[in-house]
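Chemist: One structure, pasted below without further comment.
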Amino acid sequence: MNTSTLHAILLNFLLMGLLAAQPSGGPYGPIQQNYELPEVSGTIYYVAPNGNADAAGASLDSPTTIESAISKVVTGDAIVLRGGTYRTGDLELNQKIVMQPYQDEKPVFKGTYVADDWETVSPGYGDQPGLWKTDWSDLFPSRPDTWWRTERAGRQTPLHKFNNDMVFVDGRFLQSAGWLNELNEDNFYIDYENETVYISTDPTDKEVEITAFDQALIITPREVHGKQADGQGPTIRGIDFTQYAFHVIDVEGYFPEGDSDEDDHGNDVVGTTLEHCSISYGGRVGVFVLGDGFSLRHSKISDTSTEGLYVLASDDVLLEKNIFTRNNIENITGYYPAAVKIFNQSHRVVVNDNLVIDHPNSNGIWYDVGNVDGVFTNNWLEGVGHTDEAFSGRSVWPSRNAFFFEISLGVRVAGNVFVNNDHGMLILNSSDAKIYNNTFVNSMAVIARDRRGENADHFGWHIRTGPGVKERVNHAFSNNLLVADEDFERPLLQIWQLPDMCEDFGTPSLTELDHNAYVKLNDNEGPITWMAQNINGQCVSEFSNTAAVNRAISDFAENSFSFTDYEGPLFKSIDLKNFELLDGFKGASAAGDIPSYIQEVINRNDSEGYIGAYPQTN
């Protein structure tokens, strides 16, 4: 694919009115609507859950099946789906088509079958729960990837959690169990050798669903159904996909395992678009993408395992107005989960105005390894990890990070709101992160580096795709508002490196640290800023106010403000999470000019600065 420049992409978004100066407030996720028939150059195929595979599907009166339509379509065609449940999967598509509902109907793809042939092993006695079993041949045993460290995570995560089977009782997800003696109403056990599923919930008068398909839809560059691939992804609108054992939707392509020029990857299937879709209960991943020009808008990805959305080696991607919630529902440890993971040399991925909420066991949005020129703007991120764990300056992990930018080169972070997260932001072993006009509430901002890359790495080539050990510099942190409520006792900003880097890493990781406001709504005497770098012979420094920072480093915090036990004007309503600033907040005068490269990603036409994500109002 001949990729466009980031400037052109951003200009296009501005003209479309997509980028704003702070979270829009929605609507986020799918919007129910009445779909007109698509205007396409080819044939429209009508399908229904009870369609006839032998029917042509040329009219509403004679719908075909989804399997038949997928096998027939060519570039320029469309599939219009009647409402209802399609229990199907592992569908392969290699043509640029449109898939959408008929009018306001709701098609739902499910990767499960209903299990209705149960044998009572034991009805249960006293405190002993009952036991029921059924034969089931569609099983998906699996194991962790080879890089998973058993000695680190095996004590917390038993191996049965890596199997991909799922069981639902009246729509309720059950966890897996390792043996019959662990069973209760909230889990299930599978005897793989004898192909038997056991539950301790009485299935009488209940709908029990068990996974029967790996994936819903595989978008592939391979030849399928006797047709060569056109290299173009489909547009899919208004469809729900749920309960699949592996990846719910998979866009296949080349995966580079080493340094790769951006023109050498992401070209197999380009331009896949998902809009107003709901994707949930993927046994591993909701949507897995290897393809440039991918777009996900007004969709919801929820209740997934290791990743909700996994974008790999893909350029010029847009994620906007989506909801990402409840990833890592099995609480697998040692697997680096993320609601969205952008991985392996993806260039110009724009994540704008999304809602990222309720991820106690997962990271939020993670740009991981070799990514270039990211744009992270106007997102609302809340409830990632936990804020009640005590702060330790020894390390920045283990942690759950609402926004995580690791081993990557260049990102603009602006207009975001971080609320009640373990780390609101972690910039790790990266360069050129420009962080302007964000609001952090009970969410640490962390910028860190270590020596990873000096020696052989557990993940091999990964570390070579990012900046070198001494190139992890040139970050800017300005015009941000950091607030701690009455119960938050951590530092608001942490600048971290390994203790043994103090002497030979003299260049600070930040080139700019000023024009910020730090507000404590408590009298906690802990530092507002914790900094590990060589400052006047000290390798670690704790600063209780911005004046102390400026005395120690004259280039930092000269125009910043800090407040402890603050009781003056601040937000319109912290209780309602309305973080627009009130007139009279003294910290507002700390604001500095907004550089042009930030203006263009927050839809601002002048350099006049303000503090936090929201301009001050009366």
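Chemist: Under the rule of -39500 (n - 2.57) per DSSP H run of 4 or more residues, summed and divided by the residues of the chain, what mean residue ellipticity at 222 nm is obtained, to the nearest 500 deg cm²/dmol?
Modeler: After summing the helix terms and dividing by residue count, I get -1500 deg cm²/dmol.
Chemist: May I ask for the percentage of alpha-carbon pairs in the chain that lie more than 46 Å from each other? Provide the component values of the computation, followed by the final result.
Modeler: Numbers: 38651 of 190653 pairs.
Every Cα pair in the chain considered, those over 46 Å come to 20 percent.
Chemist: May I ask you to give the percent of accessible area on region 459-618 that is carbon plus sulfur, with a probe radius of 1.4 Å?
Modeler: Of all accessible area on region 459-618, carbon and sulfur atoms account for 42 percent.
Chemist: While we're looking at this one, here's another question. Taking the Cα centre of the chain as origin, work out the dipole magnitude from +1 charges on Lys and Arg Cβ and -1 charges on Asp and Glu Cβ, in debye rounded to 20.
Modeler: 800 debye
Chemist: Related question: Check the straight Cα-Cα distances from K470 and name the aspartates and glutamates below 18 Å, setting aside those fewer than 8 residues away within the same chain.
Modeler: Once the sequence-local aspartates and glutamates are set aside, what remains near K470 is E406, D432, D450, E454, D457, D500, E503, D504, E512.
Chemist: Express as a percent, rounded to the nearest 5, the fraction of DSSP beta bridges in region 50-179 (both residues included) that run antiparallel.
Modeler: 45 percent
Chemist: Along the charge dipole of region 113-211, which of N194, N181, G124 sits closest to the positive end, that is, farthest toward it, with unit charges on the beta carbon of Lys, Arg, Asp and Glu (+1, +1, -1, -1)?
Modeler: Result: N181, furthest along the dipole toward the positive end.
Chemist: Of all DSSP beta bridges in the chain, what percent run antiparallel (nearest 5)?
Modeler: Expressed as a percentage, antiparallel bridges in the chain total about 20.
Chemist: Let me have the relative contact order for region 262-303, percent, based on Cα pairs under 8 Å that are six or more residues apart.
Modeler: 51 percent
Chemist: Of K106/K133; K206/K341; K110/K133; K96/K300; K133/K300; K133/K161, which sit over 27 Å apart, Cα to Cα?
Modeler: Checking Cα-Cα distances, K106/K133; K206/K341; K133/K300 exceed 27 Å.
Chemist: Where in region 183-206 is the amide nitrogen less than 17 Å from a point lying 7 Å along the Cα-to-Cβ axis of V121?
Modeler: 183-204
Chemist: Using the alpha carbon gyration tensor of region 383-497, what are the three equivalent-ellipsoid semi-axes (square root of 5 times each eigenvalue), largest first, in whole Å?
Modeler: On the way: eigenvalues 125, 53, 24 Å².
One finds semi-axes of 25, 16, 11 Å for region 383-497.
Chemist: Express in nm, to one decimal, how much length is gained between S59 and R155 on full extension, taking 0.36 nm for each residue of separation and deducting their alpha carbon distance.
Modeler: Value of the extension gain: 28.8 nm.
Chemist: Using θ = phi - 60° and the Karplus curve 6.51 cos²θ - 1.76 cosθ + 1.60, what whole-Hz ³J(HN,Hα) does each residue of region 444-461 get, with Gly and Pro shown as x?
Modeler: The phi angles translate into 5, 9, 10, 10, 9, 8, 9, 8, 4, x, 6, 10, 4, 10, 4, 9, x, 5 Hz.
Chemist: Can you work out ³J(HN,Hα) from phi for every residue in region 207-214, in order, using Karplus 6.51 cos²θ - 1.76 cosθ + 1.60 and θ = phi - 60°, giving whole Hz and x for Gly and Pro?
Modeler: 9, 9, 10, 10, 4, 10, 10, 5
Chemist: So what are the ³J(HN,Hα) numbers for region 254-266, from phi and the Karplus equation (6.51, -1.76, 1.60; θ = phi - 60°), rounded to whole Hz, Gly and Pro as x?
Modeler: 6, 10, x, 10, x, 4, 9, 5, 4, 6, 9, 9, x
Chemist: Sorted by average packing, counted as other Cβ atoms within 10 angstrom per residue and highest first, what order do 226-235, 329-338, 148-157 take?
Modeler: 329-338, 226-235, 148-157
Chemist: Pulled fully out, how much extra length does the chain show between E542 and R172, if you take 0.36 nm times their separation in residues and subtract their Cα-Cα distance?
Modeler: 128.4 nm
Chemist: Sticking with this one: Indicate the gyration tensor shape class of region 348-416 (rounded, prolate or oblate), computed on the Cα atoms with a ≥ b ≥ c the square roots of the eigenvalues: a/c under 1.5 is rounded; otherwise a/b larger than b/c is prolate and the rest oblate.
Modeler: On the way: a/c = 2.30, a/b = 1.35, b/c = 1.70.
Since a/c reaches 1.5 but b/c is at least a/b, the shape of region 348-416 is classed as oblate.
Chemist: Shifting gears a bit: For Y192 and E207 in the same chain, what is the full-extension length gain: residue separation times 0.36 nm, less their Cα-Cα distance, in nm? Before the final figure, lay out each step's value.
Modeler: Details: separation 15, 0.36 × 15 = 5.40 nm, distance 2.24 nm.
Here the segment from Y192 to E207 would lengthen by 3.2 nm.
Chemist: For the chain, just give the cysteines left without a disulfide-compatible partner, judged by no other Cys Cβ under 4.7 Å.
Modeler: Among the cysteines of the chain, those whose Cβ sits 4.7 Å or more from every other are C277.
Chemist: Ok, one more. Residues with amide H under 5 Å of A557's amide H, sequence separation 5 or more or different chain, H placed in the peptide plane at 1.01 Å from N; which?
Modeler: Long-range HN contacts for A557: L513, D514, H515.
Chemist: Moving to a separate point now. What residues from region 446-489 fall in the zone where the backbone N is under 20 Å from a label point 7 Å along the Cα-to-C-beta line of D565?
Modeler: Taking a point 7 Å out along Cα→Cβ of D565, the residues of region 446-489 whose backbone N falls under 20 Å are 483-489.
Chemist: Give me the three principal axis extents of region 113-211 from the C-alpha atoms, as integers in angstrom, largest value leading.
Modeler: 43, 31, 25
Chemist: Further question on the same structure: Can you work out the FRET efficiency for the pair S142 and N605, with r the C-beta to C-beta distance and R0 = 51 Å, to the nearest 0.05?
Modeler: Working: r = 52 Å, r/R0 = 1.02.
In this case the efficiency is close to 0.45.
Chemist: Separate question: Looking at region 475-618, I'd like the Rg to Rh ratio, where Rg is from alpha-carbon atoms and Rh is Kirkwood's inverse mean 1/r.
Modeler: 0.99
Chemist: Rounded to the nearest whole Å², what accessible area per residue is found for the chain with the 1.4 Å probe?
Modeler: Per residue, the chain has 39 Å² of solvent-accessible surface.
Chemist: Cut-off under 16 Å on the C-alpha distance; same-chain residues fewer than 8 positions from K520 excluded. Which lysines are left, in chain and number order?
Modeler: Within the straight-line cut-off, K520 pairs with K586.
Chemist: Rounded to whole Å and sorted largest first, list the principal axis extents of the Cα atoms in region 275-430.
Modeler: Computed over region 275-430, the largest-to-smallest principal extents equal 41, 33, 28 Å.
Chemist: To the nearest whole percent, what portion of all C-alpha pairs in region 369-600 is separated by more than 27 angstrom? Provide the component values of the computation, followed by the final result.
Modeler: Numbers: 7701 of 26796 pairs.
Tail of P(r) above 27 Å: 29 percent of Cα pairs.
Chemist: On to the next question. What FRET efficiency, computed as 1/(1 + (r/R0)^6) with R0 = 22 Å and r the Cβ-Cβ distance, is obtained for N522 and E558, rounded to the nearest 0.05?
Modeler: 0.30
The values are calculated or read from the model by the stated rules, or taken from the named source; none is laboratory data. Owing to the predicted nature of the structure, the values given are computational and were not obtained by experimental measurement. Cβ sites come from the backbone with ideal geometry, for glycine too, and all protein chains shown count toward neighbours. The protein model used for the area step is the full one, side chains on, heavy atoms only, and it has no ligands, DNA or RNA in it. Shrake-Rupley method; radii C 1.70, N 1.55, O 1.52, S 1.80 Å.
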